[in-house]
Amino acid sequence: MLYKIIIFIIFYSIIEYLSADEAKCLKCICNHESGCKPLKCHWDVNSDSCGYFQIKLPYYKDCGAPMRKSGESIDSAWKRCSSDYQCSLKCVQAYIKRYQGKCPANMSACEKMSRVHNGGPGGCRSSSTNGYWAVIKKCHG
């Protein structure tokens, strides 16, 4: 129970500057990916996925490798960041910000966030993200 309270406090203190819609969307994504827990890395669609948001190494590189320490290997930084809620959230936000401009203007913010997170730079225009968006949309409302 204490663990859930701590995660709740951290989650809302980090994203207080986001709109309520974006915050709810990120919570739905986190819950869908991991139950919003720092899962260990596991093999998923041709590469390892790690942590709260199931971040892959190329995703971590594209988000700017937040909190990477001087001299730290990119692999070590990615795994550490993925299992740190603040770092992984920062990575997801940076990744989405980088690629959401490729999405159609008429998409909701949450749909853009979901499809980009799941499908990468072309996720908004790929039918492969339809199922993922349907799950997040159901949570998001």
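Rule-based calculations on the coordinates, nothing more; no lab input. Here the structure is a predicted model, which is why all the values come from computation and not from measurement. Here the Cβ is made from the backbone with ideal geometry for all residues, glycine too, and neighbour counts use every protein chain on show.
Listing for the model above:
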{"quantity": "For q = 0.16 Å⁻¹, Debye-computed log10 I/I(0) when each Cα of the chain counts as one equal scatterer", "calculated": "-0.81"}
{"quantity": "Stretchable slack from K37 to D21, in nm (0.36 nm times residue separation minus alpha-carbon distance)", "calculated": "3.6 nm"}
{"quantity": "Those lysines that a straight Cα-Cα span of less than 25 Å connects to K97, excepting residues fewer than 8 apart in one chain", "calculated": "K24, K27, K37, K56, K61, K69, K79, K112, K137, K138"}
{"quantity": "Efficiency of FRET between C139 and M67 - r from beta-carbon atoms, R0 25 angstrom, step 0.05", "calculated": "0.35"}
{"quantity": "Order of H140, H117 under a 10 Å beta carbon neighbour criterion, fewest first", "calculated": "H140, H117"}
{"quantity": "Positive dipole terminus of the range 19-140, leading residue within S83, P104, Q93 (C-beta point charges)", "calculated": "P104"}
{"quantity": "Within the range 19-140: Cβ-based charge dipole about Cα centre, in debye rounded to nearest 20 (Lys, Arg +1; Asp, Glu -1)", "calculated": "140 debye"}
